[in-house]
Amino acid sequence: MTDAATERLTSAPQAESEPPGPPSAMRPAELVRWAWRQLTSMRTALALLFLLAMASVPGSLVPQSGIDPVRVAQFKAAHPGLAPWYERLSLFSVFSAPWFAAIYLLLFVSLAGCVLPRSKAHWRAMRAAPPRPPRNLERLPVHVGWRAGRDPASVLDEAARELRSRHYRVVRHEDAVSAEKGYLRETGNLLFHTALIGLLVAVAVGNLYGYKGSVLVVEKAGFSNTLAAYDSFSHGAGFDEDKLAPFTVELDRLRVRYQATGDQRGAPRDFRATLSYQSAPTAATRRYALRVNHPLVLDGTKVFLIGNGYAPIFTVRDSTGEQVFSGPVPFLPQDGNNTSVGVVKVEGATPEQLGFQGFFLPTGTIDARGPISTYPDLLLPTAVLTAFRGDLGTGSGVPQSIYKLDTRAMTQFTGPTGKPLAGALRPGQEMVLPDRQGSIRFDGVRRYATLQVAHDPGKSPALLAAACALLGLMLSLFVKRRRVWVRATAAGGGRSLVEVAALARVEGEDRDGLHDEVTGVVSSLGHEGAGPTTSTIGEED
Amino acid sequence: MAGETLAQLSNNLLYSSMAVYAGAMYCYAAEMAFAPRRQQTRAVPVAERSMATVARTPTAYDAAPRTAVDGGRAPAPPTGTHGTARADRVGRVGVALTVLAFALHLGAVVARGLSAGRAPWGNMFEFSTAGALAVTTVFLVLLARRDPRYPVRYLGLFVVGPVLLTLGLAVTVLYTDSEQLVPALKSVWLVIHVTAAIIASGILTLGFAQTICYLVQDRLERRGDGPAFMARFPSAAALDRAAYRMHAFAFPIWTFAVIAGAIWAENAWGRYWGWDPKETWAFITWVVYACYLHARATAGWRGRKAAYIALLGYGTFLFNYLVVNIFLVGLHSYAGVG
């Protein structure tokens, strides 16, 4: 098909033939132009898409430090030979790795290089009239012809009216009608790809100006939204500490409910944290029932309930009988039944510092596996502790985990038989240390909630971009771009020779619809005989 | 009715539907076995060429007789042999049994939802059951359309087989009692996000089956030979188009499912995208199907190569459903398995 009108019904770049390789000796400008053509070709885009999918795979199989740093540490400990290589290849942070960024940035450059010229071409196409019919309509994918019993002008008027009612843009020529519709297909396509670029920008804005912090809050305690209050905090390069929303939150009570029976016994059923909060220091105190999926929204910042656990309350006395510690100590849950581990560090004890480490079991038993909880709620709260004395190492300036005891400079207390001293305490019970070194009493339990505070200014733009992408995608997949031509020539005696032919944007995908469309147009022109023929040759793209 | 009674009813309905599905599967298999010899019917490439010729001869005016459009291969081959009639009859029984199995299956899903008082797709067992129901639903919708250009009964075995397999896996390995949800799943987005994922997976499964059929049929057409039952299948070109339609329909739904998931994640965890393994694989599936759609518009990638990409896409979907849920650690660990 050489006719201008039947040329590709698209402004997509022509990718039919293998792009020529770079000439052997090129000037820099030519080389740049050649490289640009390569980058913006469909093949390259396809290859980059593939690469993007493949590059994501290790991110799901190798533990990622941004998602689960604990598992990364475990992996490094288990594979000391492999870990440095993984580190070098950024396999622990795939999605922020330079090579991952290289792939998606190239993809987006390629995309932009494709979208811009296409937008220009589409802008022109939208303002242009449908082209005149090709000379030989029979060569089009769908074609039908017949002799009509009326003059050409009335046939063409009727055809133009019919095509307009089918939402075609119609041009009436002397001997023919040209019609085209489905411009929205390309509009949608461009919208989709532009929206993807917008999505990338929104994600970047969120990463640059957003922040995320998590904080552990024990019942009857609270925190204020300042950097110092957070246990962990991450933010983008453009984050400004002074712009933190000045709210304070207090956890009044945390209620939990677990499945009590059946094969899902112990599965969580409800977590509900009652908060008192002030959105600003001078604002009134309000209450909010914080639940999973129901964050508290404060001035564009959201507070989420993402975890919970137990903080057993201990009272420690030292060798002088003085109370040197009293309060709740958060323990970290290790399994679905909240078997929790933790430590109590008593810096102010004399003559030596005291340290306790062990388990908190909401429903405690001690079996062959050691101390373990058999149900996540407080049916039989038990604290199982061992005790140490010596130097806690907290004064050394090296940051320490509050969940671990550094026992290198400490001596473990032993019982009368010489075995390490261990006590399984129920609320109210006390473990007395040998040699009058003091005692620790398990007073009771409070719950704690882990709250996540997040602010992402790119969130709403990202949602808007995603919605535009979806809309564009649907338009580009479901709108059919079609051209229809009707030609009528006088055949003598008030009769005419009528031909209807049609062309689709993606012939292979729209041939049935196109055939139906032509059948409809033809029958509206009063012809009921042979239907249109559809050929498989000349598939268009 | 008490929750437990309803849950028991649901299980009974599910087992009944599996028995009926098995019957339907035998019928579809028998329909293939009774198919007539190949030579009588398998001549589509030639027919296509002759049609094209018709289109270009001057006699296309008035006189040209109406030729069936390619892909409009009549559902039953026009041979009228004993074998064809028998195959057709047993195929119809297969469809009737599929409808019955669908009704029982639907009843099982509804009863499960009523017993728990929530959307019945809160764990892997329920997701599998609902996903299998979506596959049957899409198949029956296509059957009900009775579009002569897109016959689908030939797909029966390839639809009911995997459905039965999925249900078998669900009731044995994945089964969990009907209970309430973990707090993380108590959200209206469970209905929106997971429903979209289930619908998309149902359509993608049909597209996958059609793609396999296309690849087989395409090879046979090139060789001009093959088992008799393949002659009952549409031409490779028609299968390719049908598969494309499925994928093009499913892709925006999958996109929506991913977006809805992101909105939910933002509402539950404070970030809309965190490269959790489940999210990562949903993204990979999306990218691979995007590759497929692009490949169909790229010279040198249409046809078989694009079809292989579609198969790969379905592979990533299955990986996300089976491997990620059960074996990879992440925030989406709601399988309730183990």
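The values are calculated or read from the model by the stated rules, or taken from the named source; none is laboratory data. The shown structure was predicted, so the numbers you read here are calculated from the model rather than taken from an experiment. All Cβ positions, glycine included, derive from the backbone under ideal geometry; neighbour counts span all protein chains shown.
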Q: Please find, among A:GLY262, A:GLY266, A:GLY236, the residue that is in contact (Cβ under 8 Å) with a residue 12 or more places away in the chain, within 14 Å of chain B (Cβ to nearest Cβ) and at positive phi.
A: A:GLY266
Q: Considering every residue within region A:384-397, establish whether at least one is closer than 30 Å to A:HIS193 by Cβ and touching a helix residue (DSSP H, G or I) at 6+ places or on another chain (Cβ under 6 Å).
A: no
Q.
Looking for something of a type in the set (S, T, N, Q), crowded, with 19+ Cβ neighbours inside 10 Å and under 39 Å from the mean Cα position of the chain (by Cα) - is there at least one such residue anywhere in region A:375-390?
A. no
Q: Tell me, please, whether a residue that is out of contact with any strand residue (DSSP E or B) (no Cβ under 6 Å at 6 or more places or on another chain) and within 12 Å of chain B (Cβ to nearest Cβ) can be found in region A:121-134.
A: no
Q.
Just the residues that are of a type outside the set (A, V, I, L, M, F, W, C), within 12 Å of chain B (Cβ to nearest Cβ) and under 18 Å from B:THR280 (Cα atoms), please, taken from region A:55-78.
A. A:SER56, A:PRO58, A:GLY59, A:SER60, A:PRO63, A:GLN64, A:SER65, A:GLY66, A:ASP68, A:ARG71
Q: Go through region A:488-541 residue by residue and tally those that are β-branched (Val, Ile, Thr) and either modelled with pLDDT under 85 or more than 19 Å from A:ARG161 (Cβ to Cβ) (or both).
A: 6
Q: Give B:PRO252, B:PRO227, B:PRO277 a once-over and let me know the one that is out of contact with any His (no Cβ under 8 Å at 6 or more places or on another chain) and either within 25 Å of A:LEU470 (Cβ to Cβ) or crowded, with 21+ Cβ neighbours inside 10 Å (or both).
A: B:PRO252
Q) With B:ASN325, B:ASN320 as the choices, which residue is more than 10 Å from chain A (Cβ to nearest Cβ), assigned to a helix (DSSP H, G or I), surrounded by 22 or more Cβ atoms within 10 Å (Cβ to Cβ) and not aliphatic (A, V, I, L, M)? A) B:ASN325
Q. Looking at region B:162-183, is at least one residue farther than 18 Å from B:ALA22 by Cα and free of Cβ contacts under 8 Å to residues at least 60 places away in the same chain?
A. yes
Q.
All but one of (1) more than 51 Å from the chain's Cα centre (by Cα); (2) surrounded by fewer than 21 Cβ atoms within 10 Å (Cβ to Cβ); (3) within 14 Å of chain B (Cβ to nearest Cβ) hold for A:ARG118; state the number of the condition that does not hold.
A. (1)
Q: Residues being under 18 Å from A:LEU251 (Cβ atoms) and crowded, with 16+ Cβ neighbours inside 10 Å: count how many of those fall in region A:312-337.
A: 8
Q: Please go through region A:372-382 and pick out each residue that is within 16 Å of A:PRO333 (Cβ to Cβ) and part of a strand (DSSP E or B).
A: A:ILE372, A:SER373, A:THR382
(Q) Any residue that is in contact with a Lys or Arg (Cβ under 9 Å, 6 or more places away or on another chain), over 25 Å from A:SER476 (Cα atoms) and crowded, with 21+ Cβ neighbours inside 10 Å - is there at least one of those in region B:198-219? (A) no
Q) Can you name every residue in region B:143-161 that is touching a residue at least 40 places away in the same chain (Cβ under 8 Å) and within 14 Å of chain A (Cβ to nearest Cβ)? A) B:PRO148, B:ARG149, B:TYR150, B:PRO151
Q. Counting residues that are within 20 Å of the chain's Cα centre (by Cα) and either surrounded by 13 or more Cβ atoms within 10 Å (Cβ to Cβ) or modelled with pLDDT of 85 or more (or both), which helices (runs of 4 or more DSSP H) fully inside region A:1-115 reach at least 2?
A. A:42-61
(Q) Can you say whether B:VAL171 is within 21 Å of B:TRP286 (Cα to Cα) and over 15 Å from the mean Cα position of the chain (by Cα), as far as the supplied structure shows? (A) no
Q: Select from region A:130-147 the residues that are in contact with a helix residue (DSSP H, G or I) (Cβ under 9 Å, 6 or more places away or on another chain) and surrounded by fewer than 20 Cβ atoms within 10 Å (Cβ to Cβ) and list them in ascending order.
A: A:GLU138, A:ARG139
Q. Among the residues of region A:289-311, is any modelled with pLDDT under 90, surrounded by fewer than 16 Cβ atoms within 10 Å (Cβ to Cβ) and either within 14 Å of another protein chain (Cβ to nearest Cβ) or in contact with a strand residue (DSSP E or B) (Cβ under 6 Å, 6 or more places away or on another chain) (or both)?
A. yes
Q: Residues being in a strand (DSSP E or B) and either modelled with pLDDT of 95 or more or buried (at least 18 other Cβ atoms within 10 Å of the Cβ) (or both): count how many of those fall in region A:231-252.
A: 6
(Q) Could you tell me how many of the residues in region A:347-371 are farther than 17 Å from A:GLN400 by Cβ and in a strand (DSSP E or B)? (A) 11
Q.
Suppose we filter A:ARG43, A:ARG71 for residues that are more than 29 Å from B:LEU312 (Cα to Cα) and out of contact with any strand residue (DSSP E or B) (no Cβ under 6 Å at 6 or more places or on another chain); which single one remains?
A. A:ARG71
Q | Residues (of a type in the set (A, V, I, L, M) and surrounded by 19 or more Cβ atoms within 10 Å (Cβ to Cβ)) located in region A:161-202 | A | A:LEU163, A:VAL170, A:ALA176, A:VAL177, A:ALA179, A:LEU190, A:LEU191, A:ALA195, A:LEU196, A:LEU199, A:ALA202
Q) Name the strands (runs of 3 or more DSSP E) wholly within region A:428-526 that hold at least 3 residues that are away from chain B (no Cβ under 11 Å) and of a type in the set (Lys, Arg)? A) A:438-455, A:482-492
(Q) Anything in region B:255-268 that is touching a residue at least 60 places away in the same chain (Cβ under 8 Å), within 7 Å of chain A (Cβ to nearest Cβ) and buried (at least 21 other Cβ atoms within 10 Å of the Cβ)? List them, or say none. (A) B:PHE256, B:ALA268
